[in-house]
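Below: the structure, in structure tokens.
The values are calculated or read from the model by the stated rules, or taken from the named source; none is laboratory data. Everything numeric here is computed off the predicted structure, so don't read it as measured data. With ideal geometry, Cβ positions are generated from the backbone for all residues, glycine too; neighbour counts draw on all protein chains shown.
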Amino acid sequence: MSNEHTKMVIGIDDTDSREGMCTTYLCALLRDELSSFAKAVSDPMLVRLNPTIPYKTRGNASVALLVECREPEKVMEHVTRRVATMSCLDNENTNPGVVFITDEQFGTVRPDLSEFFRRAVRDVITIDEAKEMALKLCLRFQVFKNGRGLIGALSACGAMLDPEWDHTYEYLAYRVKDSWGTPRSVDDDSLFKADRQTYPDTWDTVDLFNDMVVCVPHSADPVLYGIRGKDRSSVEKAASFVRCEPVERACTFRTNQGTDMHLLPAGGISEITGMHSYILEGQVCSMPATIRGGHTIFSLQDAEGQKIDCAAFEPTKNFRELVRQLIPGDRVIVYGSVTERTVNIEKIKIIGLASKYEVLNPLCPCCGKRMKSAGSGQGYRCRKCNTKSMTTQSKEVKRAVLPGFYEVPPCARRHLAKQLLRFGKEDVPVFPSR
Ligand code: ATP
């Protein structure tokens, strides 16, 4: 055994199914299990990749660890064995991938993997592309079944090797195994207190407007709750207020959540394709309509006259009321993912309001009173003076909405969407969702 320490990045993805497990849990478990022979030398990485990918189980997450060890072979053997035994391999959509990168490779693989990570957040990558990349860079990797998890595993390694991107933190607490699949016990009041004590350094723990807890999932996975915030100390401070069932282990991850890393600036609607996320400017060209299911949709037109539907879906709750105030002619910038030719709005910047008019019956030129309708298609008539008019009057009315930057409430937040509280000073007022 050599006395030399080697650093190694380990990337893992696609180990879970909707019935159980969670790749972040496996990462936390491995960090703890490896601790006797491999020391974690930075915060574990939790990256969210393209949110529109259909193969995702929930939030399209993948993970990476950076460890220092004397026996890399022992580390690789342990990690591979745990991925093989703990992944939900019976599930047809679970296709794990694991990647190992040793420190002598860091410098040479960094540019390609950093670019690969950015593409995986914004674009769609094939399994073959991932395999070619791993082979080209002479990486040690292991795939199971169709190996789709290699895409996420390489991306998480790219994120770990290139810290030059905006980041936030998440503290994840995990349940003891016997509780998995049963209702979670986390005291709501303690979560509201954690929020009061640490907001705005932490966010999206609770949704004050909709009076609900946001940070406790309802699925069968091992996560008990997750606290998101700007740094390690803030999320850990918030977690110290939480009263809950026994926690098996906890782990604080560095993440790309809340960074808008998925959004591509779109020059126009012709550039837009499905399974991508955009920032798009245009003019509202239809009255917002609320359809069955409670989704509110309007049409947006760009400078070339192309149109696309923009939706505030039912889960965005009170945000739909804001969207319903829009009228044709309003200038907006929408932020969101595109599936089925519809932008799923995460945020909207209202940059120009059209004038809104109310149509009034005309005034009588003799007595000055408002005339009444003379019947369908027959104009207006003053009952007192018997004067007639065929024309209406219009009066500008005050808009019920102000120009500014608005976001969906925490209960509808998508993992990658950047919270308005994370924006610096903007040229328009910011209306955070609380
Ligand atoms: P959880 O959030 O519970 O960890 P998940 O939502 O992360 O689950 P996965 O089980 O990881 O879902 O499945 C997502 C799959 O999609 C992975 O195999 C991953 O490699 C792949 N994938 C991720 N990003 C892309 C992309 N941009 N293009 C193609 N495939 C991708």
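Do the conditions hold for Glu321, that is, is it closer than 18 Å to Ile297 by Cα and assigned to a helix (DSSP H, G or I)? Yes: the conditions hold for Glu321. Of all the residues in the range 170-189, those that are surrounded by 14 or more Cβ atoms within 10 Å (Cβ to Cβ) and free of Cβ contacts under 8 Å to residues at least 60 places away in the same chain number 2. Which one is farthest from the chain's Cα centre (by Cα), of the residues in the range 1-53 that are surrounded by fewer than 20 Cβ atoms within 10 Å (Cβ to Cβ), of a type in the set (Val, Ile, Thr) and within 14 Å of the ligand (Cβ to nearest atom)? Here the residue is Ile53.
No other residue among Lys384, Lys347, Lys418 is part of a loop (DSSP other than H, G, I, E, B), modelled with pLDDT of 95 or more and of a type outside the set (Gly, Ala, Ser) apart from Lys418.
In the range 119-134, what residues are more than 10 Å from the ligand (Cβ to nearest atom) and either touching a residue at least 12 places away in the same chain (Cβ under 8 Å) or closer than 24 Å to Glu164 by Cα (or both)? Scanning the range 119-134 gives Lys131, Met133, Ala134.
Collect the residues in the range 353-367 that are closer than 23 Å to Asn318 by Cβ and part of a strand (DSSP E or B), keeping them in residue-number order. Lys356, the sole residue that qualifies.
For the residues Leu46, Leu30, Leu26, the requirement of being over 20 Å from Trp180 (Cα atoms) and modelled with pLDDT of 95 or more singles out Leu46.
Of Gly368, Gly404, Gly379, all but one fail to be surrounded by 13 or more Cβ atoms within 10 Å (Cβ to Cβ), over 34 Å from the mean Cα position of the chain (by Cα) and not aliphatic (A, V, I, L, M); the exception is Gly379.
Candidates are the residues of the range 146-190 that are touching a Leu at 6+ places or on another chain (Cβ under 7 Å) and not in a strand (DSSP E or B); the one that is nearest to Cys251 (Cα to Cα) is Met160.
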